[in-house]
Amino acid sequence: MRRVSYLHPPPLALAHRGFSLAGLENTLTAFRAAWELGFTHLETDVHATADGVLVAFHDDTLDRVTDRSGRIAALTWAEVSRARIGGTERVVRFEELAEELPGACLNVDVKTSAAIAPLAAAIERLGLHDRILVASFSDARRRAVLSRLSRRVPSSAGVRTTALLAAAAPALPPGVLRWVLRDVDCFQVPERRGSLPVVTPRFLSRAHALGRQVHVWTVNEASDMVRLLDLGVDGLVTDRADLLRDVLAARSEWPPGS
């Protein structure tokens with residue numbers, strides 16, 4: 001069974017919501033497709049239903065990608081389970097995903113406060129500590145998950161911590177900076193946020209000087225993949241797992257972690 005440590009030597013290749021050119025994101029079909037391409041790192045998102053079932057799903061509502069509608073947090077698992085992504089694929093429980101692909105590392109974006117306790121419980125119950133990274137735009141949500149775990153897992157900085165590195169890191173005393181980044185292993189960021197560049201040589205240099213990786217999302221053009229890898233980023237999150245595999249193979253960097 002393939003398995004690697006989560007933050008193995010870069011570059012990391014992360015399949016964004018699995019891999020499906022048909023748009024069947026966050027489905028077992030998409031996750032299996034990425035795994036079969038050789039991806040060991042799968043990115044997903046989690047929400048909790050009204051009765052506390054943790055699902056691998058990006059949006060707050062079912063409306064965009066399924067044949068049903070409604071807020072996940074207001075629906076029971078029985079109701080959510082009847083929805084079909086793209087009209088054909090069922091919504092997957094997070095624990096089912098973890099058990100279906102036991103060698104995969106899971107990059108999990110905690111979308112809501114309601115998902116905090118169910119995610120922590122799933123990590124503990126299934127012993128996922130060595131194969132998970134906890135991420136969230138919210139540092140508070142991310143840290144709330146970490147605080148419930150029996151041992152440390154890798155984690156990606158939220159928006160505020162990332163902004164601090166980008167704007168204020170040189171002005172902070174080293175002890176303060178170490179405290180702020182005490183539970184941060186990487187920065188998972190877009191290349192740009194609106195008109196503002198995020199992934200710059202200075203940002204990369206600061207992160208690397210602090211021993212943190214930088215993973216860029218969501219990169220779907222081969223030319224951008226090459227450019228960012230040449231710039232020195234440590235990982236790429238992509239909807240086009242097929243293209244990223246070819247780019248890394250051409251650089252003699254496939255399979256990841258080899």
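Read the figures in this text as sums done on the coordinates, not as results from a lab. Keep in mind that this is a model prediction, so the values were computed, not measured. Note that each Cβ is placed from the backbone with ideal geometry, even for glycine, and that neighbours are counted across all protein chains shown.
Key figures
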| item | result |
| --- | --- |
| Within segment 55-69, tally of residues that are buried (at least 16 other Cβ atoms within 10 Å of the Cβ) and either of a type in the set (A, V, I, L, M, F, W, C) or more than 19 Å from the chain's Cα centre (by Cα) (or both) | 7 |
| Helices (runs of 4 or more DSSP H) (entirely within segment 1-106) containing at least 1 residues that are touching a residue at least 24 places away in the same chain (Cβ under 8 Å) and among the hydroxyl-bearing types (S, T, Y) | 28-37 |
| Selection within segment 139-163 - surrounded by fewer than 17 Cβ atoms within 10 Å (Cβ to Cβ) and either polar (S, T, N, Q) or touching a Leu at 6+ places or on another chain (Cβ under 8 Å) (or both) | S147, S150, R152 |
| Yes/no for R93 being surrounded by fewer than 18 Cβ atoms within 10 Å (Cβ to Cβ), among the basic types (K, R) and over 15 Å from the mean Cα position of the chain (by Cα) | no |
